[in-house]
Amino acid sequence: MRAGWAPERARPASCGWFRTYNGWLRMRPDRTIGPGVNCSLRTIVRILIPILLAGVAVGQPSRTVRLDHRVFPGLHTMDGNWAALLAASDGKVYAGLAYHGGSGHLVYYDSRTDRVQDVGDLNTMTGEANLRRGPQSKIHSKFGEGKDGRIYFATHAGNWFEKSRVATKEGYPGSYWLAYDPKTGHVENFGLGVPNQGVNTGNYDPLFNRIYGLSNPRAELVYYDVAARRAVNKGRINNFESICRTLGIDDRGNVYGSSGAGYVFQYDPRTDGIRELSVRVPIREKGISLGRDYAKSETAWRTVVWDKETRRFYGVEESASILFSFDPRAGKDGEIRRLGQLCVPGFEDRRDIPYATLSLTLGHDRKLYYAAAGREFDYASSAGLGTSHLLTYDLKTAKIEDLGEMRLEDGRRVIGTNAADTGPDGAIYLVGAIEVRPEPGKPLEAAERKIGDTHYRLALLIYRPRP
């Protein structure tokens, strides 16, 4: 133990001990600075001022990046979005808006007409409207675009245990598999996929025409084979506290996920087999987690994106936002390399670095774009109010750049995001929480809950990289 530090159980009651976020700090008792206070003023200044400045520096960036945005008219009470964002080939940007305790919505933004359209609520799409059962509150996983042009996805629950259990034993009927046809506007319901569980992680594979998912809370690997009209449950693959939040699918149709202390698994659709790989995601050991609940106590990758050019995955892990590459074809089990750390400058070596977001996408300029949280961010469950930063990693130069705090055109802050994708025209799209400032004489259009003391609502955020 370093000089001047003592464990929690040994802290004295004297004035020479000061509380910090890392423990108890003892000052040198060689000078009196006040009645009954036997500490060195010079020592206090020398030690405490750098600590205070380090904390302030994280919240004082030197740059700001302005983003265009579109709100979702009539849907200001929607309160979250996780992973559910797809910039499709026809120029439409699809998003899943969550509403805890009620029905979520599928919406899209047409970039050609600059119009936002509400496709409808999930309870109606699944035939669950007015049944007084646990609602279809979210699309909590990635969309996929099929060769037929349809948009494939799965539903998820939200606060379903708060509903009456008179209707069903577990309150929530389960997740449904769905497809939206943009040509006709029709939503096809393939039926109940995972009884009494949601799907909080998922992806779609156009090669085998399957919707994949991980169930919540039992963490089972499930999929729906669209052509065969068959739902399959491969059994438990994760622990509840480490359910992987992104499934990666390569160009051969192999499905990858992560769990525990950076473990990686592979599902092969040709053999229908699952195996654990020998490679490991580079993580920081958790120790005592600050500002996180038990459901985030284990460490897997948070999100990955597939690069068609290098035929590799690029991803960010949960514990310290460590950026890595994963080449599934290198050797027997692939190869993982650490590339850097994507976080707001000043958080690099801190234990209270915010939990990694799902907002990672690969731009047409060969740069990875990542929206890093300024505070632990999870919408109304956030640790407090912060401002998200937009960071890039250049695959050609290996350079990380902080583009700055994300602000709207009028200066309002982007509090946080949890989804990102790149459009056919190269625009970077994100969905997240923006600051809402009440205006006298006008109705407040915001989510029912706040982030800290600040009102927020969901918005589609648009960043256009310079040529």
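Within segment 320-332, can you find the residues that are of a type outside the set (A, V, I, L, M, F, W, C) and either surrounded by 14 or more Cβ atoms within 10 Å (Cβ to Cβ) or closer than 24 Å to THR422 by Cα (or both)?
SER321, SER325, ASP327, PRO328
Of the residues that make up segment 271-280, is at least one surrounded by fewer than 16 Cβ atoms within 10 Å (Cβ to Cβ), at pLDDT 95 or above and outside any strand (DSSP E or B)?
Checking segment 271-280: at least one residue is surrounded by fewer than 16 Cβ atoms within 10 Å (Cβ to Cβ), at pLDDT 95 or above and outside any strand (DSSP E or B).
Identify the single condition in (1) surrounded by fewer than 21 Cβ atoms within 10 Å (Cβ to Cβ); (2) farther than 30 Å from GLU309 by Cβ that GLY426 does not satisfy, given that it satisfies every other one.
(2)
Quick check, is GLY235 at positive phi and not aromatic (Phe, Trp, Tyr)?
yes
Can you tell me which residue in segment 410-422 is surrounded by the most Cβ atoms within 10 Å (Cβ to Cβ), limited to those that are closer than 24 Å to GLY74 by Cβ and out of contact with any Asp or Glu (no Cβ under 7 Å at 6 or more places or on another chain)?
GLY416
Does segment 160-173 contain any residue that is modelled with pLDDT of 95 or more and of a type in the set (Phe, Trp, Tyr)?
At the first step, the residues of segment 160-173 found to be modelled with pLDDT of 95 or more are none.
No, segment 160-173 contains no residue that is modelled with pLDDT of 95 or more and of a type in the set (Phe, Trp, Tyr).
If I ask for residues that are modelled with pLDDT of 95 or more and surrounded by fewer than 21 Cβ atoms within 10 Å (Cβ to Cβ), which ones from segment 368-377 would you list?
Listed by number, the list is empty, since nothing qualifies.
Test VAL194 against the stated conditions and say whether it is of a type outside the set (D, E, K, R) and at pLDDT below 95.
Working: of a type outside the set (D, E, K, R): yes; at pLDDT below 95: yes.
Yes; evaluated as a whole, the condition is true for this residue.
Tell me, which strands (runs of 3 or more DSSP E) wholly within segment 211-262 include 2 or more residues that are under 18 Å from GLN197 (Cα atoms) and among the aromatic types (Phe, Trp, Tyr)?
220-225
Identify, by number, the condition in (1) buried (at least 18 other Cβ atoms within 10 Å of the Cβ); (2) modelled with pLDDT under 95; (3) polar (S, T, N, Q) that THR155 doesn't meet.
Looking at each condition in turn, THR155 falls short on (2).
When you scan segment 80-103, do you find a residue that is surrounded by fewer than 20 Cβ atoms within 10 Å (Cβ to Cβ), over 18 Å from GLU145 (Cα atoms) and among the hydroxyl-bearing types (Ser, Thr, Tyr), even just one?
Checked against the condition, which is being surrounded by fewer than 20 Cβ atoms within 10 Å (Cβ to Cβ), over 18 Å from GLU145 (Cα atoms) and among the hydroxyl-bearing types (Ser, Thr, Tyr), segment 80-103 yields no hits at all.
Could you pull out the residue among GLU335, GLU317 that is within 28 Å of GLY416 (Cβ to Cβ) and either buried (at least 17 other Cβ atoms within 10 Å of the Cβ) or out of contact with any Ser or Thr (no Cβ under 7 Å at 6 or more places or on another chain) (or both)?
Working: GLU335 fails: within 28 Å of GLY416 (Cβ to Cβ).
Unique residue meeting the criteria: GLU317.
State all residues of segment 191-217 that are without any contact (Cβ under 8 Å) to a residue 60 or more places away in the chain and buried (at least 18 other Cβ atoms within 10 Å of the Cβ); if no residue qualifies, say none.
GLY193, VAL194, ASN196, GLN197, VAL199, ARG210, TYR212, LEU214, SER215
If the requirement is being free of Cβ contacts under 8 Å to residues at least 24 places away in the same chain, touching a strand residue (DSSP E or B) at 6+ places or on another chain (Cβ under 9 Å) and of a type in the set (Asp, Glu), which of these qualifies: GLU445, GLU439, GLU401?
Exactly one of GLU445, GLU439, GLU401 is free of Cβ contacts under 8 Å to residues at least 24 places away in the same chain, touching a strand residue (DSSP E or B) at 6+ places or on another chain (Cβ under 9 Å) and of a type in the set (Asp, Glu), namely GLU401.
Of the residues that make up segment 392-405, is at least one farther than 26 Å from TRP306 by Cβ, modelled with pLDDT of 95 or more and buried (at least 20 other Cβ atoms within 10 Å of the Cβ)? Working first, answer last.
Start the filter on segment 392-405 by keeping residues that are farther than 26 Å from TRP306 by Cβ, which leaves 404-405.
Checking the rest, the ones that are also modelled with pLDDT of 95 or more come to 404-405.
Within this subset, residues satisfying the condition of being buried (at least 20 other Cβ atoms within 10 Å of the Cβ) are 405.
Looking for residues that are farther than 26 Å from TRP306 by Cβ, modelled with pLDDT of 95 or more and buried (at least 20 other Cβ atoms within 10 Å of the Cβ), one finds at least one in segment 392-405, hence yes.
Would you say THR361 is outside any strand (DSSP E or B) and hydroxyl-bearing (Ser, Thr, Tyr)?
Numbers: outside any strand (DSSP E or B): no; hydroxyl-bearing (Ser, Thr, Tyr): yes.
No; evaluated as a whole, the condition is false for this residue.
GLY171 is checked against (1) farther than 16 Å from GLU145 by Cα; (2) touching a strand residue (DSSP E or B) at 6+ places or on another chain (Cβ under 6 Å) and fails just one. What number does that condition carry?
In the conditions (1) farther than 16 Å from GLU145 by Cα; (2) touching a strand residue (DSSP E or B) at 6+ places or on another chain (Cβ under 6 Å), GLY171 misses (2) alone.
Considering each residue of segment 453-467, count those that are under 18 Å from the mean Cα position of the chain (by Cα) and either on the phi > 0 side of the Ramachandran plot or among the aromatic types (Phe, Trp, Tyr) (or both), and give that number.
Counting residues in segment 453-467 that are under 18 Å from the mean Cα position of the chain (by Cα) and either on the phi > 0 side of the Ramachandran plot or among the aromatic types (Phe, Trp, Tyr) (or both) gives 1.
The values are calculated or read from the model by the stated rules, or taken from the named source; none is laboratory data. Quick caveat: nothing in here was measured; it's all calculated off a predicted structure. Because the Cβ atoms are built from the backbone with ideal geometry, glycine has one as well, and the counts that use them run over all protein chains shown.
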